[in-house]
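A.B. asks: Here's a structure for you.
The values are calculated or read from the model by the stated rules, or taken from the named source; none is laboratory data. Given the structure is predicted, the values throughout are model-derived calculations rather than measurements. Glycine gets a Cβ as well: all are built from the backbone with ideal geometry, and neighbour counts include every protein chain shown.
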């Protein structure tokens, strides 16, 4: 219901400004991603901050926002389910990061596999959030690869902050795992 309102809002603005259908599709997609991510961002940050993990969750959510919209893959059929999935995944990432101490070589190897996977798979076009324009698909792939490389470099430079470099690495790894999820939804 909320997505229909966003789509109608975008369509009315695009019609008024006489945007072509392709540009309208891009704007709709961007509007969906931004609105859903902002809602999740606020709720997840508040929840984890209550338990004293504000820095950790900010990093997890920041990495997710930089990568998930461009890699595609696993999507839930409702906003509530998506929020629950985000909370569970964030919790798993923080638990993994606190309980594993990856050395620099491990981070390099894991992130090399992540980048290789993104290069060969991304973006996964999902029926819940479809992208049909070929140039937009190629653009998302390039953005995903660049974002993964930049975040990989950041994780290398954070060698004095083991927890934060682990959070970046595990978040990127779980995002790659979610690219390979082929779950079918009833309405998809």
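A.B. asks: Given (1) closer than 26 Å to residue 124 by Cβ; (2) surrounded by 15 or more Cβ atoms within 10 Å (Cβ to Cβ); (3) without any contact (Cβ under 8 Å) to a residue 60 or more places away in the chain, where does residue 47 come up short, assuming only one miss?
C.D. replies: Of the numbered conditions (1) closer than 26 Å to residue 124 by Cβ; (2) surrounded by 15 or more Cβ atoms within 10 Å (Cβ to Cβ); (3) without any contact (Cβ under 8 Å) to a residue 60 or more places away in the chain, the odd one out for residue 47 is (1).
A.B. asks: Also, quick follow-up: Going through 30, 45, 34, 39 one at a time, which residue ends up being modelled with pLDDT of 85 or more, over 19 Å from residue 150 (Cα atoms) and touching a helix residue (DSSP H, G or I) at 6+ places or on another chain (Cβ under 9 Å)?
C.D. replies: 45
A.B. asks: Does residue 71 qualify as being in contact with a strand residue (DSSP E or B) (Cβ under 8 Å, 6 or more places away or on another chain), touching a residue at least 40 places away in the same chain (Cβ under 8 Å) and surrounded by 17 or more Cβ atoms within 10 Å (Cβ to Cβ)?
C.D. replies: Spelling it out, residue 71 is indeed in contact with a strand residue (DSSP E or B) (Cβ under 8 Å, 6 or more places away or on another chain), touching a residue at least 40 places away in the same chain (Cβ under 8 Å) and surrounded by 17 or more Cβ atoms within 10 Å (Cβ to Cβ).
A.B. asks: Residue check: is residue 108 modelled with pLDDT of 85 or more and either buried (at least 20 other Cβ atoms within 10 Å of the Cβ) or in contact with a helix residue (DSSP H, G or I) (Cβ under 9 Å, 6 or more places away or on another chain) (or both)?
C.D. replies: For residue 108, the condition - modelled with pLDDT of 85 or more and either buried (at least 20 other Cβ atoms within 10 Å of the Cβ) or in contact with a helix residue (DSSP H, G or I) (Cβ under 9 Å, 6 or more places away or on another chain) (or both) - is met.
A.B. asks: On to the next question. Surrounded by 13 or more Cβ atoms within 10 Å (Cβ to Cβ), in contact with a helix residue (DSSP H, G or I) (Cβ under 8 Å, 6 or more places away or on another chain), modelled with pLDDT under 85 and assigned to a helix (DSSP H, G or I): which single residue out of 151, 163, 172, 178 fits that description?
C.D. replies: Result of the check over 151, 163, 172, 178: 178.
A.B. asks: Applying the selection to segment 17-36, what residues are assigned to a helix (DSSP H, G or I) and over 19 Å from residue 4 (Cβ atoms)?
C.D. replies: 22, 23
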